[in-house]
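This report concerns only the one structure given below.
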Amino acid sequence: MIDVKSLGKCDLHMHTVYCDGKSTPEEMVLSAIEKGLDTVGVAAHSYLAKDSECYIQQEDVPRFQAEVNALKIKYADKIRVLCGIEQEYFSETSTNGFDYVIGSLHYFNVDGEIYSVDLDEETFLDRINTQFKGDFYSAAENYYQTLADVVEKTGADIIGHFDLVTKYNDGDKYFDTKHPRYVNAYKKALAKLIKTGKPFEINTGVISRGYRKQPYPSSDIIKEIKAMGGTLILSSDSHHEKNVAYQFDIWQKLL
Ligand SMILES: [Zn+2]
Ligand SMILES: [Zn+2]
């Protein structure tokens, strides 16, 4: 459990070679120091049998925690280091030994069977066609309905990439994000999640990886979060040291 307000300038969402990232935990910490952060959270993505090559393997968790904990001491005079876990809604793994939890959902749940939302665009479209008869709004409703419980399910301190379901929808390419069905779906999830008091990420990873020009969530959703009394925190979701705190100077204004 962490109080994000006490962390100063921070980036708590990043992945390393323990998942599908390209840099080591130490390289991420050094980059965070160079960028002048007060706190860096080196995170791993919780294990799930599905798409498991993208996630930390269960047997690597103790080594990952020990490595990040050693960095806390090594760089104590330069930066505060935390060890985090991005806990997928459908992971059943423990979050013990981590300093904080980012609660994220990456799957549709159709009758107990889960289907990736963000693996790649082709897979995403295939899911929409086969599981939702081509109805993007029905897919979005499915996503937000599950997401509404992400804090309860994962024990999250931070809510990850709230509108991940729009990853391939830059410029409303596939569906209208002002459509009443879409708006109602996310508002219902927001209403439930805001009651938890946990901050929502402004996640710039989707920009650094070239999928969107705006971070998650959309500016409409950010406005709604603020109107409902919710809070926000910047995160990079970086998979490479060069993207730690990516475009934080630009998106700071959204806070
Ligand atoms: Zn994620
Ligand atoms: Zn992530």
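Taken together, the values in this text are just the output of simple stated rules run on the coordinates, not laboratory data. Computed from a predicted model, the values in this text were never measured in an experiment. Every residue, glycine as well, gets a Cβ built from its backbone with ideal geometry; the counts of neighbours run over all protein chains shown.
Quick notes on this structure:
- Placing dummy labels 7 Å off each Cα toward the beta-carbon, the span from residue 133 to residue 174 is 1.8 nm.
- Dipole of the chain, positive direction: furthest Cα of 18, 233, 82, with charges on the beta-carbon: 233
- Note on the chain: with a GNM built from Cα contacts shorter than 10 Å, the maximum mean-square fluctuation among 21, 197, 84 falls on 197.
- Secondary-structure-derived ellipticity at 222 nm for the chain, considering helices only, amounts to -9500 deg cm²/dmol, per-run term -39500 (n - 2.57) for DSSP H runs with n ≥ 4.
- Relative exposure of 240, 161, 15, judged by other C-beta atoms within 10 Å (fewest first): 240, 15, 161
- Computed magnitude of the charge dipole of the chain (debye, nearest 20; Cβ of K, R +1, Cβ of D, E -1): 980 debye
- Close amide H partners of residue 202, meaning residues 5 or more places away or on another chain with modelled amide H under 5 Å apart, are 233, 234, 235.
- Taking amide H as placed 1.01 Å from N in the peptide plane, residue 12 has its amide H under 5 Å from the amide H of 41, 236, each at least 5 places away in sequence or on another chain.
- Counted by neighbouring Cβ atoms within 10 Å, the residues 61, 110, 42 run from fewest to most as 110, 61, 42.
- Projected label points at residue 250 and residue 181, each 7 Å from Cα along the beta carbon direction, are separated by 3.3 nanometres.
- 3J(HN,Hα) along segment 74-90, derived from phi through the Karplus expression 6.51 cos²θ - 1.76 cosθ + 1.60 where θ = phi - 60°, amounts to 4, 10, 3, 7, 10, 6, 8, 10, 10, 10, x, 10, 8, 8, 5, 3, 8 Hz, with x in place of Gly and Pro.
- Net +/- balance of residues flanking residue 182 in space, Cβ distance below 14 Å, scoring K and R +1, D and E -1: -2
- Stretchable slack from residue 33 to residue 66, in nm (0.36 nm times residue separation minus alpha-carbon distance): 9.9 nm
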